[in-house]
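For reference, the structure is listed below as structure tokens.
The values are calculated or read from the model by the stated rules, or taken from the named source; none is laboratory data. Computed from a predicted model, the values in this text were never measured in an experiment. A quick note on method: Cβ atoms are made from the backbone with ideal geometry, for glycine too, and the neighbour counts reach across all protein chains shown. Calculation scope for accessible area: heavy atoms of the full protein, side chains included, ligands and nucleic acids excluded. Shrake-Rupley method; radii C 1.70, N 1.55, O 1.52, S 1.80 Å.
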Amino acid sequence: MNVGVLASGEGSNLQAILDRVHGRAGVAVVAAGSDKPGARALERAEAAGIPVRAFPVAEHADRRARDLAMGDWLAAAGVELVVLAGYMQLVDPAFLARFPQRVVNVHPALLPAFPGIGSVEQAVAYGVKVFGVTVHFVDEGVDSGPIIAQRALDLPDATDADAVRAALRPIEHDLLCDVVRLVARGAVTFDPANPRHVAVQR
Ligand code: GRF
């Protein structure tokens with residue numbers, strides 16, 4: 001399965017996929033894109049010999065045009081699964097239509113709690129005792145698509161968002177790599193009776 005990864009920042013999730021999944025279990029990362037030309041994520045992909053390209057919105061008529069160009073590029077690379085790994089933009093519905101039920105995202109909260117940006121800060125401010133990570137299919141909403149996998153982390157005394165983020169990061173890496181492997185072996189399917197229910201054969 002050919003995977004395309006989109007990332008806006010540091011790219012530690014991308015690195016985990018490159019280190020643990022790329023070139024194994026029938027998975028090849030064939031493209032890495034970003035909305036940010038200088039993203040560290042692109043450097044990491046380049047260092048691994050993966051074709052990279054930045055798609056800053058300023059170089060396109062608007063976001064939709066940018067997303068269409070990005071979709072063209074990923075499709076030309078033969079991408080079958082798009083992984084949003086710290087990609088901090090919404091993707092256009094036309095992009096999603098190009099990769100139907102084949103765009104996944106990792107989010108540092110137990111959805112549907114705390115969608116969107118600043119989720120760890122919001123969870124700390126709220127005073128939650130259980131944090132966590134969600135990997136889900138991407139739909140047209142904000143972190144609202146069907147859930148594929150979640151993992152919780154008890155942090156009853158959390159007061160510092162940076163510390164929580166650091167504690168969640170290895171869980172993100174594990175869960176996201178797991179999901180990519182599972183999708184690659186056809187183990188992730190939708191229940192036709194309820195498209196919100198994702199079945200995972202482990
Ligand atoms: C992760 O926390 C991810 O869940 C969020 O953005 C962060 C990206 O981290 N959406 P990295 O760039 O993969 O290191």
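So here's what we get for this one:
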quantity: Per-residue HN-Hα couplings for segment 83-91 [Karplus 6.51, -1.76, 1.60; θ = phi - 60°; Hz; x = Gly/Pro]; calculated: 10, 8, 10, x, 8, 9, 10, 6, 9
quantity: Segment Asp191-Ala25, extension gain: residue separation times 0.36 nm, minus the distance between their alpha carbons; calculated: 57.3 nm
quantity: Of the DSSP H helices in the chain, those whose Cα atoms cover at least 30 Å axially and whose Kyte score averages 0.0 or more; calculated: 161-184
quantity: Selection from Phe95, Val124, Ala61 lying farthest towards where the dipole of segment 1-140 points positive, charges on Cβ; calculated: Val124
quantity: 1.4 Å probe accessible area per residue over the chain, in Å²; calculated: 46
quantity: Value of Rg/Rh across segment 130-202 [Cα atoms, Kirkwood radius]; calculated: 1.04
quantity: Gyration tensor (alpha-carbon) shape descriptor, segment 30-138, a/c threshold 1.5; calculated: prolate
quantity: Cα centroid of segment 165-202 to Cα centroid of segment 50-104, whole Å; calculated: 21
quantity: Shape category assigned to segment 6-66 from the gyration tensor of Cα positions, a/c cut at 1.5; calculated: prolate
quantity: Carbon plus sulfur fraction of accessible area for segment 1-127, probe 1.4 Å, in percent; calculated: 54
quantity: Sum of -39500 (n - 2.57) over DSSP H runs of 4+, divided by residues of the chain (222 nm, nearest 500); calculated: -10500 deg cm²/dmol
quantity: Rough spin-label spacing in nm, given labels placed 7 Å along Cα→Cβ, for Leu153 and Glu121; calculated: 1.9
quantity: Cα gyration tensor shape of segment 37-88, rounded if a/c is under 1.5, else prolate or oblate by comparing a/b with b/c; calculated: oblate
quantity: Computed label-point distance, nm, for sites Ala94 and Ala58 using a 7 Å Cα→Cβ extension; calculated: 2.3
quantity: Sparse-neighbourhood loop sites, trypsin sites (Lys or Arg not before Pro) in segment 74-160 - DSSP loop, at most 13 other Cβ within 10 angstrom; calculated: Lys129
quantity: Cα-based equivalent ellipsoid of segment 65-200: semi-axis lengths in Å, sorted from largest, via gyration tensor; calculated: 27, 17, 13
